[in-house]
Each structure stands twice: as C-alpha cells, then as structure tokens.
1. What's the number of the condition residue B:315 fails, among (1) within 30 Å of residue B:401 (Cβ to Cβ); (2) part of a helix (DSSP H, G or I); (3) more than 9 Å from chain A (Cβ to nearest Cβ)?
2. Out of (1) more than 28 Å from residue B:171 (Cβ to Cβ); (2) touching a helix residue (DSSP H, G or I) at 6+ places or on another chain (Cβ under 7 Å), the odd one out for residue B:269 is which?
3. For segment B:111-150, what are the residues that are surrounded by fewer than 24 Cβ atoms within 10 Å (Cβ to Cβ) and part of a helix (DSSP H, G or I)?
4. How many residues are facing another protein chain (nearest Cβ under 7 Å) and in a loop (DSSP other than H, G, I, E, B) if we restrict to segment A:16-48?
5. Among the residues of segment B:22-43, which ones are crowded, with 21+ Cβ neighbours inside 10 Å and outside any helix (DSSP H, G or I)?
6. Just a yes or no: is a residue in segment B:453-470 in contact (Cβ under 8 Å) with a residue 40 or more places away in the chain, within 14 Å of another protein chain (Cβ to nearest Cβ) and out of contact with any helix residue (DSSP H, G or I) (no Cβ under 9 Å at 6 or more places or on another chain)?
7. Restricting attention to segment B:364-381, report how many residues are more than 9 Å from chain A (Cβ to nearest Cβ), in a helix (DSSP H, G or I) and surrounded by fewer than 24 Cβ atoms within 10 Å (Cβ to Cβ).
8. Checking the structure you have, find out if any residue of segment B:184-197 is without any contact (Cβ under 8 Å) to a residue 12 or more places away in the chain, out of contact with any helix residue (DSSP H, G or I) (no Cβ under 8 Å at 6 or more places or on another chain) and closer than 20 Å to residue B:468 by Cα.
C-alpha cells in the first residue's frame, strides 16, 4: 500500500508554496512513497521513554546588550532585491482589490 | 622550476613568509591551472581573478612593509558557494540565487580574508548542499579528477575537485550529513567536519541548522589543521557557536605525523560494514586498521546498535529543518522573482518563483519535511527521529567510554559514475551511510586517504568526542605518514594527470 498519495503530495506542495507541475507530481509521488516507506524504519526503535534531541550539544539562549551597532547599508540591500521602490522592498499585491 | 600548484599550503605559506615566493606569483600559477583544467573538472562556479590578485598583492605589500604574516597568508583557497562572500556571487548551487551578490561576508569568509588567504573563487555544489555528487547543482556537475566520468562527491564536490585537481591547495566545504568527508574520501583528500558549534554558521546559507558545519578540505592533514585554526572559534553572531578555545589541531597534526599511536584505544564500529559496502573498500579499511595496530594503537570492536537508523533519522530531521529554512526564499528580499505581472498576488508569485528556482531534490526534501512536520505525522516521523538521534548520541558516549576514537570507512563505495544514481534518491542517500552518525551526534570526524580500490581512493573516517577534534587530526596524520611510508608516496600522487 502506498504510504503517500499523489493528492497528498499535491497538498503538501501547495502548503510549501511550490507550483509543481503534473509531470513532477507523477515522479515525486512515486519517489516520496519509497523514501517515506524507508525512513518510517525509525518507528522500529523502542524509544517511548527517550527524550528527543533537537540540538546535539546543549544550546542556551544568547542575548546581547540592546545597543546601536552598524547594520547593512539600505541601498546595498535593496540593490539585491528583485524589486524595490521608494527605499523599500516592492512586493506583489497582498490584498484583494477593493470591490 | 618547481610547480607551485603541487606544493601544499604549509609549504607555500612558509615560502611566501620568507620571501622565496610572492603571493601574486602563487596566485597567478593557480589561476593559470584553473584556466588549463577547469573546463574538464568544472570545480568553479565563479573565478575572481582580479579580487584574488588584489588580495595577494596586499599580502606581498604587508610582507614588504615588514609585517609578520600568518602561516597561510598568500595561500589560495577555493570557497564553497554556500558561504556568502561580500561582492562575490553566492548561489548555493541554486537558480533561485542566480546573480545574487551578498552585501556581507560570512564569519568564515571574514576569517579567511583576515588571515591573508587568497580566495580564488566560489565552487560548485549540490543545490543548497543537498546531495552527494554535485549532480543536484543547477549549474551542472563537477568531475572527479581521478576519472572525469565519476562524481567528485557532494555536496562540497566543487571544492574537492578543485583541491584534488591542484587548482587550489585549500578548500572550504560544509558538512550536514557528510558533505565534507565523502567528497574528500572519493577524491583522495583530507576533509574534517568540526564539532558542531566549533565553526560559526553566520553567513552559511542554511540547510539544516542543527547539523550544518563548515570545515577544511586539503591534500595534507597539517594543511586542514592550519585552515581549521583560521576559521574555528567562538562567534557572537552565531547563537550555537561554542564559547571555548579551538582544539589544538595543528599541534595534534604535527604530533600525529611522528606515526606513534602507542596507548591509543581505537574502536572499530561493527555496524559500519557489511551489506552495501564494496569489498575493495572493506579490504582497504582492514589494511588501515592493521596499520593502526602497527602504530601502537589497541583495537577493539565496538557495537553502536542505533547507527543503522542514522539514515532514516537524518532523512527526516534534515528535510524538516530545510523545509523551514528554505521558506526564506519568498521572492521578496533577494534572488529570483517569477510571474510578477502586476495582477498575480504575492502567494502565486511566491509559488511560481519557488517552482522555477528550486531543483527536483530541493523540492522533494521540502515536501518530505513538510510532511514529517505535519500535524498527525509529527510524532511518528520528526519526533521519533529526534529520539533516535538521542540514542545515536548515547551509542557514541558508550563507545567513547572504552575508546579514544572510533573508526570506519568514510564511504561504502568508491566514487560512482556520474548519472548512476540520479534517478534513485535512496541510492544517492546511501552514499552518506557512514558519515551520518557523527553529524547527528554533533561530534567531530575526519576522512583521510588510506588506499586505492580499483584505482580510486578510499577514505578512513576517524570520529572523536565533541571538542576533541585534535584526536581526529592526530590519528589522521599518523595514518597519512604510515600510508606514505607503506606506498612510497601519498595516495593523491597516484591520480592521473589531467
């Protein structure tokens, strides 16, 4: 039995903001089915009472003094953006047009 | 006249410091070498001849002014494209960052520049460091100088190809699941993944933040140690950076070169052999273990029962983290934007941009990670993988109770032919079988050449406890010396000339 369906892959791609093609979906669904079938082997390990590791070494939150410091030059940063206007990032429409 | 491109970094640094060679002539020689062979090797995505010569000229001027130079001042280096470089393109092997010129330097870049090391250019890699062959690069694969029809390893395959083709004596790689060690192994180089947190991640384009580490690639153990000491050490700009002195890896490499490992306890990991391993690789590994005994080490077999689950755990954890990290490519602040016609909304432009800008492996991993982090699947996949990660760390801890270091082959096979695994993701993932445990546990590990199988290099992996990187270098240097003594020459000397 397939562990993941073509429809589920399409849904995940939408969640991840990937406008995948039908041809890609055909390939990815088969490949991801095999990959997920294989990585599911982690379930064979008895680990109910084992704490999870998110970082291998102890990590503590690091704070710095709240002081002014140098930052990147605005124009240099905007020069690398796909579109800029009036010293700001220009983005595509984010709201529907008013009726 | 000596060919300076054949000299190692330590020797070049000494000749430049003493004035026998100028940094400019050393840099020119390497740029000429790139011009002569890189159309075959395709190690570089971007060569910065003008910047390299200017940096070299500055080193020569400092020397002429009587300044004391560091051991690698004036020595050329090949920088992996995942490391951001101010004023130099940094694509991470992806179309989504094509043409992006970062406005800042990574900490690794800053430290390389400050040491007077000359950056020749940016090297090819699997897109966003996801892969083991460079075949996932959006700009085409690099080629293994030992056999141009074979992979140079990945993801740091541009750096491994450059250093093994004598285009540069030093390379920077990054290693998330083996991306320094595996390329080093299949090209006959030394490659070290430092303890997680040992080298700053500030300015590395993130793939899997709990695993990513930058480290050195070179033709000798000492050269790798010299570069490690340049790039290592605490950095306030990386919250996971370890606030502790850099392990004394140069001293350890020099000590190891005496080829005496008396009293050292070495464990052979039983789980890292058997099915899926080429017999030629296992034979060279057995030879290396015998060599270690002759050097005075005591060998025991060690069982790490959860290492067999490193591959499935890694291919849940790394894609999960990547699906989150790569959300930054939103078509707003940098890189590609597709479909912005004034009519389409942000979400559609974002989806079209990511579709056009990412390659197949990156998309697969983003989808896989999104799946593993989904409500309803999280506990069975991502959560369970994190528990297995704990058990792998415990296996290491148990091994290091009785052993100073653990050893294994670095890769299950020698360099495979280009194209052999591109349509089979699981076969490609298996190239990382031996390197994944140390990645998940955050422990340091080095690959050092130990012999040839069917004319291609085989690597020995030496794994040490966290912050004991010096042990990796000591053992690797001893193996390097003993192998050169046994064979009458270093492994890389057997490579065909291009």
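1. Tallying (1) within 30 Å of residue B:401 (Cβ to Cβ); (2) part of a helix (DSSP H, G or I); (3) more than 9 Å from chain A (Cβ to nearest Cβ), residue B:315 fails exactly one: (3).
2. In the conditions (1) more than 28 Å from residue B:171 (Cβ to Cβ); (2) touching a helix residue (DSSP H, G or I) at 6+ places or on another chain (Cβ under 7 Å), residue B:269 misses (1) alone.
3. Hits for segment B:111-150 are B:111, B:113, B:114.
4. Residues that pass the stated criteria total 7.
5. B:42, B:43
6. Looking for residues that are in contact (Cβ under 8 Å) with a residue 40 or more places away in the chain, within 14 Å of another protein chain (Cβ to nearest Cβ) and out of contact with any helix residue (DSSP H, G or I) (no Cβ under 9 Å at 6 or more places or on another chain), one finds at least one in segment B:453-470, hence yes.
7. 1
8. no
The values are calculated or read from the model by the stated rules, or taken from the named source; none is laboratory data. These numbers were taken from a predicted model, which means no experiment stands behind them. Here Cβ is always computed from backbone atoms with ideal geometry, including for glycine, and neighbour counts include all displayed protein chains.
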